[in-house]
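Heads up, the thing below is written out as structure tokens.
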Protein chains: 2
Amino acid sequence: MDYLDLMRELSIEAETKILMLVIDGLGGLPIAKGGPTELEAAHTPNLDALAAQSICGLCIPVAPGITPGSAPGHLALFGYDPIRYRIGRGVLSALGIGFDLQPEDVAARGNFCTVDGEGKVIDRRAGRIPTEKGTELCNLLRKIELPGVEVFVEPVRGYRFMLVLRGDGLSGELSDTDPQRVGVKPLPISAGPGAERTAELVERWVEEARQLLAGHYPANMVLLRGFSKLPSIPTMEEVYKLKAGAIATYPMYKGLAKLVGMDILPSGETLEEEIQALKSNWDNYDFFYFHIKKTDSAGEDGDFDRKVSVIEHVDELLPQIMELGPDVLIVTGDHSTPAQLRSHSWHPVPTMLWSPHCRPDGVKGFGERACASGSLGRFPATDLMPLAMANALRLTKYGA
Amino acid sequence: MDYLDLMRELSIEAETKILMLVIDGLGGLPIAKGGPTELEAAHTPNLDALAAQSICGLCIPVAPGITPGSAPGHLALFGYDPIRYRIGRGVLSALGIGFDLQPEDVAARGNFCTVDGEGKVIDRRAGRIPTEKGTELCNLLRKIELPGVEVFVEPVRGYRFMLVLRGDGLSGELSDTDPQRVGVKPLPISAGPGAERTAELVERWVEEARQLLAGHYPANMVLLRGFSKLPSIPTMEEVYKLKAGAIATYPMYKGLAKLVGMDILPSGETLEEEIQALKSNWDNYDFFYFHIKKTDSAGEDGDFDRKVSVIEHVDELLPQIMELGPDVLIVTGDHSTPAQLRSHSWHPVPTMLWSPHCRPDGVKGFGERACASGSLGRFPATDLMPLAMANALRLTKYGA
């Protein structure tokens with residue numbers, strides 16, 4: 001049986017509130033041999049005190065050794081098996097720019113690229129044209145019309161854009177045109193069962209795009225990949241009987257939260273504004289997803305000290321969160337982003353779950369090494385929601 | 001492959017003996033912030049010394065966050081996936097009163113309830129009539145005869161009773177008549193495929209019960225739920241090639257042991273009598289399930305100190321058990337029952353497995369926090385039987 005089925009069967013309504021604080025890319029690595037990680041280096045008296053009253057462990061978002069993207073990382077935290085529920089790249093591109101994707105839409109991620117006289121790809125990123133140029137070319141591509149469907153072309157960043165086809169009976173079962181290497185022509189699309197018409201429409205769009213872009217060297221062609229539709233995911237209300245609200249500053253995370261049925265709350269741009277959003281909406285929701293982006297950005301930039309500072313900032317604001325009186329508080333991340341690696345990584349994420357009904361495990365502070373000796377051990381991220389539900393007294397007994 | 005299939009394939013006969021000591025509801029919680037759990041508060045020199053020679057960990061009966069009933073908790077300890085093997089409430093009612101349920105029987109849990117003039121339920125528990133009254137009404141209901149089947153009505157406690165239909169071709173695929181709320185009439189039964197005749201028989205029984213009880217306000221009607229038959233479970237002998245005996249004082253646990261093919265040994269009522277039963281039967285079995293009930297009862301009563309005392313009593317008797325010379329001894333529980341919560345809970349259960357072939361992990365005492373740092377970590381209960389079998393040198397190598 002799927003874990004979600006068990007949750008659906010056992011979950012009950014209650015007055016308790018669960019807050020999940022997702023510090024993006026929280027887990028880190030030492031930059032000096034034997035030194036501390038970002039979290040260990042940070043001065044975090046409030047998080048440390050909370051850890052001493054919590055159950056702690058190292059959270060594995062997808063599977064050991066697997067570096068998660070933001071989508072699987074978050075789905076797992078929300079209790080959805082990230083191997084079963086996959087989100088296509090096209091859909092993710094749309095979520096990332098806040099595009100209001102509809103259930104029947106087919107989305108793809110697009111690149112402007114450079115082709116030579118024979119039509120062979122010589123630069124998959126069109127000389128990394130600036131966003132302004134990409135935006136201008138997207139405006140040009142919007143002229144293309146297709147019979148019976150609406151077409152959306154939106155700039156993403158630099159040479160990247162998003163393509164969405166909207167209409168009845170479209171399918172996302174299409175292969176990429178992006179050959180993922182230079183020296184060959186863009187690939188023809190092969191269509192899965194029932195996707196023939198969609199394939200023809202896209203082929204036609206690509207051909208018209210080629211003609212429109214012919215004089216725009218180096219951006220004289222497009223490559224498309226990750227054709228996909230919104231996956232069918234049961235909402236958190238259906239599964240957990242929770243009214244869930246999302247506090248996040250970036251479109252991608254709002255989009256992921258919307259995907260599982262959360263309300264997206266106006267959250268501003270700063271951490272202080274996010275806290276304010278939490279306070280304003282406190283009475284209206286059972287579950288809050290609270291996303292903090294800047295730890296991940298600092299990690300991606302390889303900026304150890306800035307990541308430390310963001311963590312310390314979160315620590316300073318923690319008392320304001322606790323004053324609201326959550327029944328369950330989870331502090332975790334959707335993956336690790338060590339400054340040492342300048343990217344997402346596979347390392348498990350230090351995590352704590354606090355509630356008056358948890359059984360504190362003797363961990364004295366919040367950090368990678370401390371959490372390794374916690375009673376949650378090294379655990380799958382999909383365990384967190386069931387544990388939160390249990391601690392919120394929102395699950396009935398299984399069997400008699 | 002199911003874990004049981006692997007056991008069936010690899011298990012061999014041997015002279016070794018395995019003893020599984022199930023201290024019901026063993027896991028607990030602190031009642032004072034930062035204080036000890038029941039097990040940590042108990043003075044347990046014998047259990048502590050044994051833990052130092054054992055592998056230790058925190059056992060998860062069903063899944064993280066899931067509070068198990070006694071049935072799934074025990075099935076998991078015996079190595080059976082508690083999600084795959086589910087025991088209906090009717091069957092459990094029958095097991096709980098020691099009713100000798102046959103494979104073709106259909107059992108249901110019954111409530112006496114109160115209905116108003118229109119037949120709407122106004123009290124699902126008939127004003128909580130005493131057991132004497134319930135027993136008297138069960139005698140009355142025994143007058144009801146049904147064509148082609150034998151009917152058993154047995155009092156359970158207070159307003160609760162058990163109904164069993166015995167005959168060929170009966171099905172347990174029936175919906176409840178209990179609407180689980182007041183202000184509405186008892187529900188008609190809907191029958192699953194092939195259950196139509198059973199549904200008609202039960203409907204007829206309910207109608208006759210209604211007529212017989214009409215003058216017995218507040219117990220003037222019945223509600224039925226959890227129609228079920230004995231699940232088909234392979235015996236421990238089939239799976240593990242173990243001759244298994246059960247030592248338990250309560251009918252429910254004897255019933256669960258019988259379900260997996262154990263012999264039920266006369267065990268008296270006290271812990272001392274249970275130890276005596278173990279000694280008397282020591283030479284006749286390969287595997288003993290030894291159940292201790294009073295820890296759970298104390299936890300359910302919210303009596304921290306009494307639970308501590310029961311644990312200390314077990315500790316005092318441990319040397320008598322060790323003197324018998326088991327090859328493998330497991331000390332665990334089927335779930336936690338913290339006095340703080342006065343109920344079963346989802347918290348993992350401190351567990352140790354001792355054998356001359358285990359690899360002691362440096363844990364110094366037997367308690368929740370100590371076991372959290374044991375080498376078993378946080379592990380599923382269904383791992384215990386395979387580990388016991390291995391340590392009893394009763395499993396051959398897998399593959400060459």
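Tabulated results
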{"quantity": "Residue B:117 vs. criteria touching a residue at least 12 places away in the same chain (Cβ under 8 Å) and either within 14 Å of chain A (Cβ to nearest Cβ) or not in a strand (DSSP E or B) (or both)", "calculated": "no"}
{"quantity": "Residues located in segment B:348-361, provided they are open to solvent by 10 Å² or more (accessible area, probe 1.4 Å) and assigned to a loop (DSSP other than H, G, I, E, B)", "calculated": "B:348, B:356, B:357, B:358, B:359, B:360, B:361"}
{"quantity": "Filtered residues of segment A:279-301 (kept if under 20 Å from residue A:388 (Cα atoms), of a type outside the set (D, E, K, R) and out of contact with any Leu (no Cβ under 7 Å at 6 or more places or on another chain))", "calculated": "A:284, A:285, A:289, A:291"}
{"quantity": "Filter result for the condition that a residue is under 17 Å from the mean Cα position of the chain (by Cα), more than 12 Å from every other protein chain (Cβ to nearest Cβ) and β-branched (Val, Ile, Thr), over B:97, B:60, B:87", "calculated": "B:97"}
{"quantity": "Members of segment B:310-334 that are surrounded by fewer than 19 Cβ atoms within 10 Å (Cβ to Cβ), in contact (Cβ under 8 Å) with a residue 60 or more places away in the chain and either farther than 20 Å from residue B:18 by Cα or of a type in the set (Phe, Trp, Tyr) (or both)", "calculated": "B:312, B:316"}
{"quantity": "Qualifying residue in segment A:362-370 (condition: farther than 16 Å from residue A:79 by Cα, open to solvent by 10 Å² or more (accessible area, probe 1.4 Å), within 12 Å of chain B (Cβ to nearest Cβ) and in contact with a helix residue (DSSP H, G or I) (Cβ under 6 Å, 6 or more places away or on another chain))", "calculated": "yes"}
{"quantity": "Matching option when the condition is within 14 Å of chain B (Cβ to nearest Cβ) and at positive phi, among A:325, A:377", "calculated": "A:377"}
{"quantity": "In segment B:52-106, the residues that are among the charged types (D, E, K, R) and either farther than 20 Å from residue B:251 by Cβ or in a loop (DSSP other than H, G, I, E, B) (or both)", "calculated": "B:81, B:84, B:86, B:100, B:104, B:105"}
{"quantity": "Some residue of segment A:199-219 being surrounded by fewer than 17 Cβ atoms within 10 Å (Cβ to Cβ), of a type in the set (Lys, Arg) and either within 29 Å of the chain's Cα centre (by Cα) or in a strand (DSSP E or B) (or both)", "calculated": "no"}
{"quantity": "Residue match in segment A:32-45 (condition: under 22 Å from the mean Cα position of the chain (by Cα), at negative phi and either within 14 Å of chain B (Cβ to nearest Cβ) or modelled with pLDDT of 95 or more (or both))", "calculated": "yes"}
{"quantity": "Unmet requirement for residue B:246, which otherwise passes all of (1) outside any loop (DSSP other than H, G, I, E, B); (2) assigned by TED's automatic domain parsing to the domain that holds residue B:155; (3) open to solvent by less than 40 Å² (accessible area, probe 1.4 Å)", "calculated": "(2)"}
{"quantity": "Among the candidates A:339, A:298, residue that is part of a loop (DSSP other than H, G, I, E, B), away from chain B (no Cβ under 14 Å) and either in contact with a Lys or Arg (Cβ under 9 Å, 6 or more places away or on another chain) or surrounded by 22 or more Cβ atoms within 10 Å (Cβ to Cβ) (or both)", "calculated": "A:339"}
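The values are calculated or read from the model by the stated rules, or taken from the named source; none is laboratory data. What you are looking at is a predicted structure, and each value in this text was computed from that prediction instead of being measured. Cβ sites come from the backbone with ideal geometry, for glycine too, and all protein chains shown count toward neighbours. Quick note on the areas: whole protein, heavy atoms, side chains included, nothing else; ligands and nucleic acids left out. Shrake-Rupley method; radii C 1.70, N 1.55, O 1.52, S 1.80 Å.
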